[in-house]
1. I'm checking my understanding of the structure. Among residues of the range 175-195 that are polar (S, T, N, Q) and either exposed (fewer than 13 other Cβ atoms within 10 Å of the Cβ) or outside the structural domain of ALA315 (by TED's automatic domain parsing) (or both), which one is modelled with the lowest pLDDT?
2. When the residues of the range 215-229 are narrowed to those that are among the charged types (D, E, K, R) and either in a strand (DSSP E or B) or more than 17 Å from the chain's Cα centre (by Cα) (or both), which ends up nearest to SER20 (Cα to Cα)?
3. For ARG172, work out the one condition from (1) farther than 25 Å from GLU284 by Cβ; (2) in contact with a Phe, Trp or Tyr (Cβ under 6 Å, 6 or more places away or on another chain) it doesn't fulfil.
4. Could we say that GLY267 is in contact (Cβ under 8 Å) with a residue 12 or more places away in the chain and of a type outside the set (D, E, K, R) here?
5. Which one is surrounded by the fewest Cβ atoms within 10 Å (Cβ to Cβ) among residues in the range 163-174 that are of a type outside the set (Asp, Glu), within 26 Å of VAL329 (Cβ to Cβ) and in contact (Cβ under 8 Å) with a residue 24 or more places away in the chain?
6. When residues of the range 298-322 are filtered for being within 15 Å of THR208 (Cα to Cα) and without any contact (Cβ under 8 Å) to a residue 60 or more places away in the chain, how many remain?
7. Please work out which one of (1) out of contact with any Gly (no Cβ under 7 Å at 6 or more places or on another chain); (2) modelled with pLDDT of 95 or more is the condition GLY144 fails and give its number.
Amino acid sequence: MYVKPPRISPGDTVAVVSLSSGLAARFPGRLDRGVRQLAAALEVEVVLAPNAGRDDAFLRANPQARVDDWTWALTEPSIRAYVSAIGGDDSVRLLPLLDHGLLSAYPKPFVGFSDSTVTLTALGNAGVVAFHGGSVLCDWAEYGGIEPGVVTSLRRALTTAEPIGELAPSGRWTEELVDWNGEERPRVWQPNPGWRWLQGTSPVTGATIGGCLEVLEMLRGTPWWPAPERWARAVVLLETSEDAPPPGLVRRWLRGYASMGILQTIGALLVARPMGYTAEQVGELDRQVLAACAEAGRPDLPVVAGVDFGHTSPAYVLPMGVAVTVDPVVQAITVAEAAVG
């Protein structure tokens, strides 16, 4: 059973933390726009953690400063939630320095993705619901405002103690990167063909777990890898980064999950729409995921691909640690409970 953090209300204060890279310092204008747009979307005040605006060189050389910000966001009474500025590649270095007991002592909503998989996993290990979503610099800082579906997703996940309900594919998507140094124009979007229901014949309900595959690889074999019981019957969310790992490498990573007994026990697999793949590579990714499932003896496992989270846009907010039903019979994904209290 996971603890649900208190919901966000209008007028609350939300903190921005830089627990990975220091790109916020490199793009102050984009940071400011992301802060303003997030504040408007949730009707809250958004503030920076003490070190959130420090540059990349400082943050990489001072992981304790990042832990200090994480601790501050948890223990400062005026802060009701905290969100990631952006990902990176080394927040795993924070885990040996953190007092993990604070995560359950001060349960607060956290939203992030990519390298924030480390933060999401730590919160899950502590038994606290967390949120896989966008970040201040990515998705929330785009010119023209946050995509309306993402605003709805943020509000449904963070501000209401009602079941989130059935999810729906976005009508459009994009992976275009505009120049963050001042190119102020909306991104070019294209129609979304929808999710791909690759296999599965029976509905399953389980608590969500997962994140960015490359980051999970950094956690494997550490004391912070999720315990086996957290994987049992879980609905697993997996995404790939902007590095666009080859589909064959994704299959090898999944083989590792099978060697640990994980693929044999999970309830369903949701694969995010990948960034930087050609149409042919997307098809190959589907085939490689299914091949890994077959090798693990799981032709029954519900697998849905092209889901709206991860490194492309829109990146909807998906709670981690709440009950989700994946029903391949009617092709529906439903968050069966509220994610906040």
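1. Looking at residues that are polar (S, T, N, Q) and either exposed (fewer than 13 other Cβ atoms within 10 Å of the Cβ) or outside the structural domain of ALA315 (by TED's automatic domain parsing) (or both), I get ASN181.
2. Going through the qualifying residues, I end up with ARG220.
3. Single failed check for ARG172: (1).
4. Against the criterion (in contact (Cβ under 8 Å) with a residue 12 or more places away in the chain and of a type outside the set (D, E, K, R)), GLY267 qualifies.
5. This residue is GLY165.
6. 0
7. (2)
Listed here are the residues, each with its yes/no results for (1) in the same structural domain as ILE266 (by TED's automatic domain parsing); (2) free of Cβ contacts under 8 Å to residues at least 60 places away in the same chain.
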residue: PRO148; (1), (2): no, yes
residue: ALA157; (1), (2): no, no
residue: TRP197; (1), (2): yes, no
residue: THR205; (1), (2): yes, no
residue: THR208; (1), (2): yes, no
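The values are calculated or read from the model by the stated rules, or taken from the named source; none is laboratory data. Keep in mind the model is a prediction, meaning the values are calculated, not measured. Reconstructed Cβ throughout: ideal geometry from the backbone, glycine too, with neighbour counts over all protein chains shown.
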